[in-house]
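Notes follow once the structure below has been shown.
Every read-out reported here was derived from the displayed coordinates using simple, explicitly stated rules and does not represent laboratory data. Just so it is clear, the structure is predicted and the values come from calculations on it, not from any experiment. Neighbour counts run over all protein chains shown; Cβ positions are idealised from the backbone, glycine included.
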Amino acid sequence: MLRPSLPQANNSAYTLTKADSLFPEQTPIIPGTNLSTMMPGRLLRARPTVLHKATMEVKDGSNQTIATYTYDSQGQRLTKTTGGSTITYHYGNGSVLYETKSGDADNILHALYINSPGGEPLAVSMNYNITNPGSNAWYYYHYNVHGDVVAVTSADGSIMV
């Protein structure tokens with residue numbers, strides 16, 4: 001009977017899905033090489049760290065890091081760093097509740113989410129001002145019967161995405 005072999009935590013290759021979730025690939029990185037996952041125009045290389053966290057670097061064709069992501073052992077994104085700025089994701093019951101961004105004022109949340117009981121985002125407010133909540137704009141998620149996001153609209157119904 002054949003059994004799939006699982007990659008070791010310190011020797012695994014990772015790839016990002018369309019939803020930016022982190023999943024192990026079937027092929028481990030070969031020790032002593034620079035083997036990376038290739039995406040159109042970008043190289044991805046994971047450097048798993050202690051406590052079952054994973055760090056993902058996205059590099060351009062010149063091998064320059066353009067983004068760094070960290071994930072917990074459940075595959076949830078903890079941070080995203082681009083251009084010297086870091087967004088930190090804060091979770092509750094497995095769903096992102098809000099995001100903070102380095103350099104933002106203490107009274108500003110980079111994003112604040114309203115989630116359904118099942119954890120799907122229903123609405124988001126970007127650059128949410130905690131001290132003046134009435135001044136914040138909200139955007140609403142629209143789903144099809146399969147649960148896919150098909151649109152994001154503003155309060156007046158304008159389609160944003």
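Observations
- Using a Förster distance of 30 Å, the FRET efficiency for residue 97-residue 65 (Cβ separation, nearest 0.05): 0.60
- Viscosity 1.002 mPa s, temperature 20 °C, Stokes-Einstein D of the stretch 87-161 from Kirkwood C-alpha radius, µm²/s: 163 µm²/s
- Residue 120 paired with residue 85, simple spin-label distance in nm, labels 7 Å along Cα-to-beta-carbon: 3.0 nm
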